[in-house]
1. Fewest Cβ neighbours within 10 Å first, please rank Y129, Y54, Y2 accordingly.
2. Could you tell me the relative contact order of segment 1-156? Use alpha-carbon pairs under 8 Å, at least six residues apart, and round to a whole percent.
3. Would you mind calculating the relative contact order of segment 79-203 from Cα pairs under 8 angstrom and at least 6 residues apart, reporting the percent as a whole number?
4. If I stretch the segment between T180 and E60 completely, what's the gain in nm (0.36 nm per residue apart, minus their alpha carbon distance), one decimal?
5. By how many nm would the segment from E116 to R51 lengthen if fully extended, with 0.36 nm per residue of separation less the alpha-carbon distance?
6. Amide H neighbours of I42 under 5 Å, at least 5 residues apart or on other chains, H built in the peptide plane: list them.
7. Is segment 2-64 rounded, prolate or oblate when judged by the Cα gyration tensor, a ≥ b ≥ c being the square roots of its eigenvalues, rounded requiring a/c under 1.5 and prolate requiring a/b larger than b/c?
8. Straight-line reach from K135: which aspartates and glutamates fall under 16 Å, measuring Cα to Cα and dropping same-chain residues less than 8 apart?
Amino acid sequence: MYTRVLRFAPSPNGYLHLGHAYSALLNYDMARESGGRLLLRIEDIDAARCRPEYEAAIYEDLHWLGISWTGPVRRQSEHFADYEAAIAKLDAARLLYASFESRSEINALVAEREREGPWPRDPDGGPLYPGRARKMPLADRERRRRAGEPFALRLAMDAAMARAGVLTWTESGHGPQGQTGLMTATPQRWGDVVLARKELLTSYHLAVVLDDALQGVTEIVRGQDLFWATGVHRLLQALLGLPEPAYHHHRLILDEEGRKLSKATQATSLRELRALGRSAADIRRMVGLGR
């Protein structure tokens, strides 16, 4: 019998706000109304920013909202061996290469290229990788890695797409321009994405794809800001032989200036709203899920 499995996957690098509440409640409601299961994952691979007190606050906020989940919580920091095995598989297939430029060096290369005209950028507005690491002799790349130089492992996008072929996904929500239905994946829009670094052998893209597969997630419900990243995720699923989930990208909760709520912009947290006397029912109404 098919069981619908959804997940909520926050990062403990700040306190949850209304945007998180909307996503968590929507996932919870969709799972409960279909007789499915909701899983909780803590995406804590960024050790420099993630803190135990933020993780504890996530549990407190979810319980306050009336959200429960099935099974143990998966914490990414406890599963680096899974990510390293996936990197090794892609590396063995010769789909990865090391680049050695720092972020400032990449910015300088982009500025140089843009003297001749606009340089292509990814859907988030970041410049595509402008370096020449793929043309570097393999022996030189290996020598520099053995010497301990910092590096990023990038996906050779053209080779990866040639291997995977045309990819699609089923979208039951809406993209930023209202896209819905059967979507064609366009991972090439991201260029040669970084999948790991010397100091951290995974990235968001790789970890989230692997986690969803290992947890048996059948439907991914998340914000529209991740709509275009689905192209990269579908590509990684194909390359690693992972199941294809369905996707539902939901609207974002915006501030008064029309910006997505963010920890970086000091969006009012749920714990602050609770301290001001707001109830869980108030939060539901504030995010448009009131009953």
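All of the numbers you see were taken from the coordinates with simple rules; none came from a lab. Bear in mind that the values here come from a model prediction, so they are computed numbers and not experimental data. Backbone-built Cβ (ideal geometry, glycine too); neighbour counts: all protein chains shown.
1. Y2, Y54, Y129
2. Worked out over segment 1-156, it gives 21 percent.
3. This gives 32 percent for segment 79-203.
4. 39.8 nm
5. 19.0 nm
6. R74, R75, Q76
7. Cα axes put segment 2-64 in the prolate bin.
8. By straight Cα distance, K135 reaches E101, D158, D192.
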